[in-house]
Amino acid sequence: MTTLRLAIVGAGPAGIYAADIAKKAERGFDVSIDLFERLPAPYGLVRYGVAPDHPRIKGIIGALREVLDGGAVRLFGNVDFGTDITLEDLQQHYHAVIFATGAVRDAALDIPGIDLPGSYGAADVVSWYDGHPDVPRDWPLEAEEVAVIGNGNVALDVARILIKHVDDLMPTEIPANVEAGLRSSPVTDVHVFGRRGPANVKFTPLELRELGEVRDVDMIVHDEDFDYDDQARTAIAANKQVMVMDRILQGWRTRETGAASRRLHLHWWARPVEILGDGRVEAIRWERTEPDGLGGARGTGEFREQAVQAVYRAVGYFGSPVPGVPFDEVRGVIPNHEGQVLAEDGALLPGVYATGWIKRGPVGLIGHTKSDAMETVEHVLTDAGLWWSPAHPEEQAVDDLLASRGVRFTSVEGWHLLDRHELALGEHVGRTRVKVVPRDEMLAASLGDPVA
Ligand SMILES: Cc1cc2nc3c(=O)[nH]c(=O)nc-3n(C[C@H](O)[C@H](O)[C@H](O)COP(=O)(O)OP(=O)(O)OC[C@H]3O[C@@H](n4cnc5c(N)ncnc54)[C@H](O)[C@@H]3O)c2cc1C
């Protein structure tokens, strides 16, 4: 064999980094890579997760784009693995496949009232404000008081986007429907709840600091949450990031408040136990917790309530099963050893690999998907004995297969067309870019068809 035909499913950062690493790796054979993506546009959560007011992080798309532009990687966008193409198809056309399908749904939070109207998962509102084509265009922003459950960066993203004045988001790429939705929002107060203390947050200092810089928003913190025990003091002394965040929070304790028209409240030692409401969300009930001496929290038996009309749970993402591939329902990942997928009996599944969030769970930053991909790709390239023997390894056979099924797939050139279209939409209204949301409009722009 002179050419390894490699399929990668998922064109998020993990899939694109895996392609780049495979392309550049030292090896005694050629490699030809096809990247399948269910959306018409590549980049996964960099395009549809990273907050629009984080242009520096969104800028990673530039580096990912260079990989696609560099040749040796073909993109098949608007192709859903499991519907448009299956594992059996891949076995007919490739020597191996890497699944890099990430995670798009919210982890569950099992408390009474969580299913009341007005209670949402963070993943859904993130998809909405980032212009994901497969979520409803209209988001019900009717609440003056909002609760966000969680103490990670996604919780901060959601809280910040909801509390910010929309005019301050206009330099970003937010689509027109998102602008209109946020403009009509009556929000005045967002309450963020964490079940442990300020020294245990999973934020990063940069994200925390920028909250304090949001225009016309007071940061409200409560003195009772800063009664540190030895464990908290040790955590602050031992970790520079925690130390920086503590300094930021201490600054907010003494800051003047009262002049802003909106407020962001941070509540710690607060474990939400129930969402209350008669037919829809009216309040959140939480138990005051206290340090358990081991870095965790235990209940105190004291319960409090806060009136809110909407609740967002930002308690983590969760992977989805990939049709025909083993899945660990508890961890929400494809079971694997260093990226080599494992069958139910624990044996290696020949030719099948995983990388990114679907490999190790939905934690970690974009950069982590690179080291992850290195490990997986190394196995792919050295596992020749486990590869499949495809009957149709020619590149054209894949185009023909998709065409025979009537799949309208997009390509790297199609992404360039969509990119230019979005930039032109932005230029038209004096902004850098305006994102296109409807899938048919994305497709039309990518395929060079007239856009309605
Ligand atoms: C709200 C949010 C904000 C974040 N902000 C930051 C940040 O500021 N900085 C940072 O470094 N990291 C951030 N992250 C983390 C970062 O997004 C992830 O580390 C990274 O995107 C994971 O990459 P991935 O390729 O594994 O998954 P994803 O980015 O989810 O990509 C998976 C891709 O697979 C595709 N796919 C799924 N199923 C199929 C299928 N059946 N067929 C075809 N294609 C499929 C998806 O459409 C998607 O494009 C954030 C994450 C979230 C959720």
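Side notes on the structure shown:
- Of the residues making up the stretch 324-334, those that are in a loop (DSSP other than H, G, I, E, B), under 21 Å from the mean Cα position of the chain (by Cα) and within 16 Å of the ligand (Cβ to nearest atom) number 4.
- Residue pairs meeting the criteria (Cβ under 8 Å; at least 6 apart or on separate chains; first within 18 Å of Pro42 (Cα to Cα) and modelled with pLDDT of 95 or more, in the stretch 113-133; second aromatic (Phe, Trp, Tyr) and away from the ligand (no atom under 13 Å from the Cβ)): Trp128/Trp139; Tyr129/Trp139
- Flag: Asp110 does not match the condition of being of a type in the set (Asp, Glu) and in a helix (DSSP H, G or I).
- Candidates Arg38, Arg5, Arg74, Arg47, filtered to the one that is over 25 Å from Gly448 (Cβ atoms) and either touching a Gly at 6+ places or on another chain (Cβ under 7 Å) or at pLDDT 95 or above (or both): Arg5
- Test: residue in the stretch 181-193 that is outside any helix (DSSP H, G or I), modelled with pLDDT under 95, crowded, with 16+ Cβ neighbours inside 10 Å and not hydroxyl-bearing (Ser, Thr, Tyr): no
- Complete set of residues in the stretch 414-430 that are under 15 Å from Thr172 (Cβ atoms) and in contact (Cβ under 8 Å) with a residue 60 or more places away in the chain: Glu422, Gly426
- Breaking point among (1) without any contact (Cβ under 8 Å) to a residue 12 or more places away in the chain; (2) more than 18 Å from the chain's Cα centre (by Cα), for Val146: (1)
- Residue ranges of helices (runs of 4 or more DSSP H) in the stretch 335-419 with at least 2 members over 23 Å from Val67 (Cα atoms) and over 28 Å from the mean Cα position of the chain (by Cα): 395-404
- Restricted to the stretch 351-367, and to residues there that are surrounded by 16 or more Cβ atoms within 10 Å (Cβ to Cβ) and of a type outside the set (A, V, I, L, M, F, W, C), the residue that is nearest to the ligand (Cβ to nearest atom) is Gly356.
- Those residues of the stretch 269-323 which are within 16 Å of the ligand (Cβ to nearest atom), of a type outside the set (A, V, I, L, M, F, W, C) and surrounded by 19 or more Cβ atoms within 10 Å (Cβ to Cβ), in sequence order: Tyr312, Arg313, Gly316, Tyr317, Gly319
- Residue under evaluation Ile57, criteria (1) under 30 Å from Leu156 (Cβ atoms); (2) touching a residue at least 60 places away in the same chain (Cβ under 8 Å); (3) surrounded by fewer than 22 Cβ atoms within 10 Å (Cβ to Cβ); (4) touching a Pro at 6+ places or on another chain (Cβ under 9 Å), criterion not met: (4)
- Residues of the stretch 147-169 that are more than 11 Å from the ligand (Cβ to nearest atom) and modelled with pLDDT under 95: Asn151 alone.
- Residue in the stretch 232-252 that is of a type in the set (Phe, Trp, Tyr), away from the ligand (no atom under 16 Å from the Cβ) and surrounded by fewer than 21 Cβ atoms within 10 Å (Cβ to Cβ) present: yes
- Filter result for Glu213 (outside any helix (DSSP H, G or I), without any contact (Cβ under 8 Å) to a residue 40 or more places away in the chain and within 30 Å of the chain's Cα centre (by Cα)): yes
- Scanning the stretch 108-146 for residues that are within 25 Å of Leu211 (Cα to Cα), within 13 Å of the ligand (Cβ to nearest atom) and surrounded by fewer than 18 Cβ atoms within 10 Å (Cβ to Cβ) yields one hit, Asp124.
The values are calculated or read from the model by the stated rules, or taken from the named source; none is laboratory data. Being a predicted model, the structure only gives us computed values, none of them experimental. Glycine also receives a Cβ, built like all others from the backbone with ideal geometry; neighbour counts cover every protein chain displayed.
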